[in-house]
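Derivation of every value follows stated rules applied to the coordinates shown; laboratory data play no part. Quantities reported herein were computed from a predicted structural model and do not represent experimental measurements. In this analysis, Cβ positions are derived from the backbone assuming ideal geometry, glycine residues included, and neighbour counts consider all displayed protein chains.
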Amino acid sequence: MLKTLAIIAVVAIAAVLIYAGTKPDSFGVQRAATIKAPPEKLYALVNDLQQWKLWSPYETKDPAMKRTFSGPAAGPGAGYAWDGNKEVGQGRMTITGTTPPSRVSIQLDFVKPFEAHNRVDFRFEPKGDATEVTWAMNGPAPYLTRLMGTFFDMDRMIGKDFEAGLAKLKTVAEQ
């Protein structure tokens with residue numbers, strides 16, 4: 001009986017490991033919201049990293065988070081490093097490119113809870129008297145990330161934060 005349980009456990013673990021190996025080696029998460037504000041206003045709130053404290057969902061997860069800004073106040077080269085609790089971890093983001101007022105691209109590098117290097121893009125598309133804002137993140141999915149993804153839905157976890165951030169951005173921009 002014990003031998004049978006051990007064999008079942010080994011087969012189950014092997015199946016999970018093999019399944020994780022078949023998952024894509026990159027990931028993407030994207031959410032969008034329509035906000036009644038001009039693209040220029042929304043672009044300014046995203047392009048200036050110091051404005052993120054007004055709308056970013058991660059700011060409320062650790063109000064005691066240590067923040068350091070570097071480079072120019074906004075646009076390419078503007079940087080923001082943070083060190084916070086287990087919910088926000090530690091990392092840095094740097095604006096790598098912009099197309100005013102339609103796009104902001106960011107290099108996002110996590111140090112804790114695990115190392116990761118991702119690309120974030122915000123797009124602002126006029127829709128009548130509103131703007132469709134799209135927040136997307138893409139990056140590599142090393143084996144450990146794919147293994148975790150067999151138990152946790154990364155799109156749902158990260159997407160929930162993006163949805164909260166877009167809702168807060170909507171509140172701030174529509175004032």
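Got a sec to turn the phi values of the range 64-75 into Karplus ³J(HN,Hα) couplings, 6.51 cos²θ - 1.76 cosθ + 1.60 with θ = phi - 60°, whole Hz, x for Gly and Pro?
So the J values, rounded to whole Hz, are 8, 4, 7, 10, 9, 9, 9, x, x, 5, 8, x.
Taking each pair of distinct Cα atoms in the range 2-173 once, what is the resulting Kirkwood hydrodynamic radius in Å?
With all distinct Cα pairs of the range 2-173 included, I get 17.6 Å.
Assigning unit charges at the beta carbon (Lys, Arg +1; Asp, Glu -1) and nothing else, what dipole magnitude in debye, to the nearest 20, does the chain show about its Cα centre?
Computed about the Cα centre, the dipole is about 280 debye.
With labels modelled as points extended 7 Å from the Cα through the Cβ direction, what inter-label distance (nm, one decimal) is found for THR34 paired with VAL172?
Inter-label distance under the simple model: 2.3 nm.
Mind giving me the FRET efficiency for VAL16 and ALA44? R0 is 30 Å, r the Cβ-Cβ distance, nearest 0.05 is fine.
Here the calculated transfer efficiency is 0.05.
Just to confirm the filter: which GluC sites (Glu not before Pro) across the range 10-96 are DSSP coil and have at most 14 other Cβ within 10 angstrom of their Cβ?
GLU87
List the DSSP H helices in the chain whose Cα atoms stretch 15 Å or more along the helix axis and whose mean Kyte-Doolittle hydropathy is at least -0.5.
2-22, 154-173
With Cβ to Cβ distances under 12 Å as the rule, what net charge do the other residues near LYS168 carry (K, R +1; D, E -1)?
Net charge in that neighbourhood comes out at -2.
Pairs of lysines 8 or more apart, or on different chains, with alpha carbons under 12 Å: count those in the chain, would you?
7
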